[in-house]
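Trainee: Take this structure first; my questions come after.
The values are calculated or read from the model by the stated rules, or taken from the named source; none is laboratory data. All values derive from a computational prediction rather than experimental measurement. FYI the Cβ positions are ideal-geometry reconstructions off the backbone, even for glycines, and counts take in every protein chain you see. The accessibility values were calculated without ligands, DNA or RNA, using every heavy atom of the protein model including side chains. Shrake-Rupley method; radii C 1.70, N 1.55, O 1.52, S 1.80 Å.
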Amino acid sequence: MKFEDLLLEIGGFGRFQILILFILCLPRINLPMHFLLHNFLAATPSHHCAIPQQEAFVNLTMEEVLLISIPREHDGTFRSCEMFSQPQFHLLLNSSLQPENNSIIQHCQHGWVYNHSQFTSTIATQWDLVCEQRGLNQATATFFFIGVTMGAVVFGYLSDRFGRKAMLLLSLVCSVVFGMLSAASVSYSMLAITRTLTGVALSGVSLIVLPLGMEWVDVQHRTFSGILTSIFWSIGNMLLAMVAYLVREWHWLLVAVTGPCLLSIVCLWWVPESARWLIANGKVKQAHRHLLRCARMNGRKDFAFSPEDLRRMATDKEPGMSYSYISLFRTPVLRKISLCSGAVWFGVAFSYYGMSMNLTGFGLNMYLSQFVFGVIEIPAKMIMYVLVNRVGRRQSQAWALILTGLCIGANVIVPKPFTSLRSVVAIMGKGFSEAAFTTVFLYTSELYPTVLRQNGMGYTSFVARLGGALAPLVFLLDEVWKSLPEVTYCGVAVCCGSVAFLLPETLNVRLPEGIEDVE
């Protein structure tokens, strides 16, 4: 007898499962508030070189001081990173006579002055991460995703070894500790280290929440529970826009997005360990206790399985045999699944974070962009719920990612003045991007067997976070060619989407328990 049949005996989707799913949705809300925090934490307001006070400036207005001290761009705006070595007083008579001689232009010598109308402070204004230091500002997102990448490997292995619930609790506690430490950072180095460690901790939450919920749900409701959990990511997206709008000071913004983890820690008390994992690891008494509780809550009083029945039902896992990441590549079918799903995850994360971290590039206010990007994800997920059940996982995954790439590519061609059209194309692209992300979580958790599921999710999450870590750095390619970042995101999304056609279909297929079920 398989675990799926046992779930039907105790109720595969009753009050017990609904309670678990809603509790597990709380940490899910918290994830995008950290994963997309870089948009606000490291925002760079308009700025210009600081000009030292001189006696000659006494009778001049601020606008006139800027006019004679800072060169202008072709569109008339003041340059952010350069100043004149000597005041150019002749510009007061005719400001259109910009000096042709570049030898009198130099880099900022006395720091910068920032426009604080939108942000009280960000890490860019705190440590002058602009101009030559711009790369360090983008690198804070990369450091965070490097942490998430390392966490995916660590927590993927640990949760298969020591259980889902214990590792979820550990990752939530560490998220609170490192989140608060990053809010108290007194130097850029301290912030980089604590944000990396926060990424490691939150990776555990990202990795464990979905499989823990899925392993309690029957085949018919698996898609629904996967989509429901991911809708709370979109709610977190919208909440981030509102929290960032209300809290404009970066220290307090970090405190505001870390605090909700405490509520998740408290609520985790009511979530049981995965019975699938307990049975697969021979802990049948504990599994029996949770299954009895599930049957009682779901009104199935006639549940008559004993621990001995569960012991006989346990996955045919050889005594003392342990699985690792190498097991994902030992057998031919698993090897193909692992290589192809890795490529798909890379493309999904690379394009998703590429779009999500370019809030100012689509002609909307950044808070509104963040909110609209969150709102558009919900209908995208609803449509995906229908498609993955009608068309199948494979086709849905492939086309969602390919269309994401085509939307990003379309915005390279649409001229900048067409802001409305650019916004519509960007919002459509964001919808497809989120649809691809929603499907890949569900699809991957169905491709791997129970004994290797968390290792599989850990490996694919590792590859995805590499994509997430590289995405913000691609923006620096705009110095080579203005449209090169968008062309890169487009090409990667289309190529990786095409790889999804090589994966097996899992629609209405039982979750595999052991490696032999996959092979």
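Trainee: Which one of these is in a helix (DSSP H, G or I), open to solvent by 10 Å² or more (accessible area, probe 1.4 Å) and small (Gly, Ala, Ser): Ala241, Ala256, Ala287?
Mentor: Working: Ala241 fails: open to solvent by 10 Å² or more (accessible area, probe 1.4 Å); Ala287 fails: open to solvent by 10 Å² or more (accessible area, probe 1.4 Å).
Only one candidate qualifies: Ala256.
Trainee: Shifting gears a bit: Being outside any helix (DSSP H, G or I) and small (Gly, Ala, Ser) is the filter here; which residues of region 259-284 pass it? Step through it out loud before you land on a result.
Mentor: Going residue by residue through region 259-284, those that are outside any helix (DSSP H, G or I) are 259, 271-274, 281-283.
Scanning region 259-284 gives Gly259, Ser274, Gly282.
Trainee: Taking the condition of being open to solvent by 50 Å² or more (accessible area, probe 1.4 Å), within 18 Å of Asp218 (Cα to Cα) and free of Cβ contacts under 8 Å to residues at least 40 places away in the same chain, how many residues in region 290-314 meet it?
Mentor: Number of matching residues: 2.
Trainee: For region 197-238, how many residues meet the condition of being more than 24 Å from Asn39 (Cα to Cα) and either open to solvent by 20 Å² or more (accessible area, probe 1.4 Å) or in contact with a strand residue (DSSP E or B) (Cβ under 6 Å, 6 or more places away or on another chain) (or both)?
Mentor: Adding up the residues that qualify gives 5.
To keep it simple, each residue is scored yes or no on (1) in the same structural domain as Trp216 (by the TED database); (2) open to solvent by 20 Å² or more (accessible area, probe 1.4 Å); (3) on the phi > 0 side of the Ramachandran plot.
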{"residue": "Met33", "(1), (2), (3)": "yes, no, no"}
{"residue": "His38", "(1), (2), (3)": "yes, yes, no"}
{"residue": "Gln53", "(1), (2), (3)": "no, yes, no"}
{"residue": "Leu67", "(1), (2), (3)": "no, yes, no"}
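Trainee: Suppose we filter region 198-228 for residues that are among the hydrophobic types (A, V, I, L, M, F, W, C) and either under 16 Å from Asn30 (Cβ atoms) or assigned to a loop (DSSP other than H, G, I, E, B) (or both); how many remain? Lay out the reasoning, then the answer.
Mentor: Going through region 198-228, the residues among the hydrophobic types (A, V, I, L, M, F, W, C) turn out to be 200-202, 205, 207-210, 212, 214, 216-217, 219, 224, 227-228.
Subset that is either under 16 Å from Asn30 (Cβ atoms) or assigned to a loop (DSSP other than H, G, I, E, B) (or both): 200-202, 205, 207-210, 212, 216-217.
Residues that pass the stated criteria total 11.
Trainee: Quick check, is Gly429 among the small types (Gly, Ala, Ser), in the same structural domain as Thr488 (by the TED database), over 30 Å from Tyr157 (Cα atoms) and in contact with a helix residue (DSSP H, G or I) (Cβ under 7 Å, 6 or more places away or on another chain)?
Mentor: On the way: among the small types (Gly, Ala, Ser): yes; in the same structural domain as Thr488 (by the TED database): yes; over 30 Å from Tyr157 (Cα atoms): yes; in contact with a helix residue (DSSP H, G or I) (Cβ under 7 Å, 6 or more places away or on another chain): yes.
Spelling it out, Gly429 is indeed among the small types (Gly, Ala, Ser), in the same structural domain as Thr488 (by the TED database), over 30 Å from Tyr157 (Cα atoms) and in contact with a helix residue (DSSP H, G or I) (Cβ under 7 Å, 6 or more places away or on another chain).
Trainee: Identify all residues within region 7-26 that are over 19 Å from Gly226 (Cβ atoms) and surrounded by 21 or more Cβ atoms within 10 Å (Cβ to Cβ); write none if there are none.
Mentor: Scanning region 7-26 gives a single hit, Ile10.
Trainee: Do we have Val205 as closer than 30 Å to Leu387 by Cα, at pLDDT 90 or above and touching a Ser or Thr at 6+ places or on another chain (Cβ under 8 Å) here? Give the derivation first.
Mentor: Values: closer than 30 Å to Leu387 by Cα: yes; at pLDDT 90 or above: yes; touching a Ser or Thr at 6+ places or on another chain (Cβ under 8 Å): yes.
For Val205, the condition - closer than 30 Å to Leu387 by Cα, at pLDDT 90 or above and touching a Ser or Thr at 6+ places or on another chain (Cβ under 8 Å) - is met.
Trainee: So Tyr385 passes all but one of these: (1) closer than 27 Å to Val424 by Cα; (2) open to solvent by 10 Å² or more (accessible area, probe 1.4 Å); (3) under 18 Å from the mean Cα position of the chain (by Cα). Which condition number does it fail?
Mentor: The failed condition is (3).
Trainee: Condition first: over 17 Å from Ile193 (Cα atoms) and not in a helix (DSSP H, G or I). Now tell me which residues in region 124-152 satisfy that.
Mentor: Asp128, Val130
Trainee: Another question, then. Hey, could you check region 259-284 for residues that are open to solvent by 60 Å² or more (accessible area, probe 1.4 Å) and over 30 Å from Arg195 (Cβ atoms) and say which is modelled with the highest pLDDT? Working first, answer last.
Mentor: Pass one, region 259-284, residues open to solvent by 60 Å² or more (accessible area, probe 1.4 Å): 262-263, 266, 269-270, 283.
Within this subset, residues satisfying the condition of being over 30 Å from Arg195 (Cβ atoms) are 270, 283.
On the way: Trp270: 90, Lys283: 86.
Of everything passing the filter in region 259-284, Trp270 is modelled with the highest pLDDT.
Trainee: Only one of these is more than 23 Å from the chain's Cα centre (by Cα), touching a residue at least 60 places away in the same chain (Cβ under 8 Å) and either closer than 22 Å to Ile383 by Cβ or buried (at least 19 other Cβ atoms within 10 Å of the Cβ) (or both): Arg510, Arg422, Arg453. Name it. It would help to see each step written out before you state the result.
Mentor: Working: Arg510 fails: either closer than 22 Å to Ile383 by Cβ or buried (at least 19 other Cβ atoms within 10 Å of the Cβ) (or both); Arg453 fails: more than 23 Å from the chain's Cα centre (by Cα).
Just one listed residue meets the conditions, Arg422.
Trainee: Kindly indicate which of Tyr443, Tyr459, Tyr448 is within 24 Å of the chain's Cα centre (by Cα), open to solvent by 20 Å² or more (accessible area, probe 1.4 Å) and within 24 Å of Val209 (Cβ to Cβ). Show your work before the answer.
Mentor: On the way: Tyr443 fails: open to solvent by 20 Å² or more (accessible area, probe 1.4 Å); Tyr448 fails: open to solvent by 20 Å² or more (accessible area, probe 1.4 Å).
Of Tyr443, Tyr459, Tyr448, the one residue that is within 24 Å of the chain's Cα centre (by Cα), open to solvent by 20 Å² or more (accessible area, probe 1.4 Å) and within 24 Å of Val209 (Cβ to Cβ) is Tyr459.
Trainee: Another one. Restricting the search to region 40-51, which residues are surrounded by 20 or more Cβ atoms within 10 Å (Cβ to Cβ) and assigned to a loop (DSSP other than H, G, I, E, B)?
Mentor: Ala42, Ala43, Ile51
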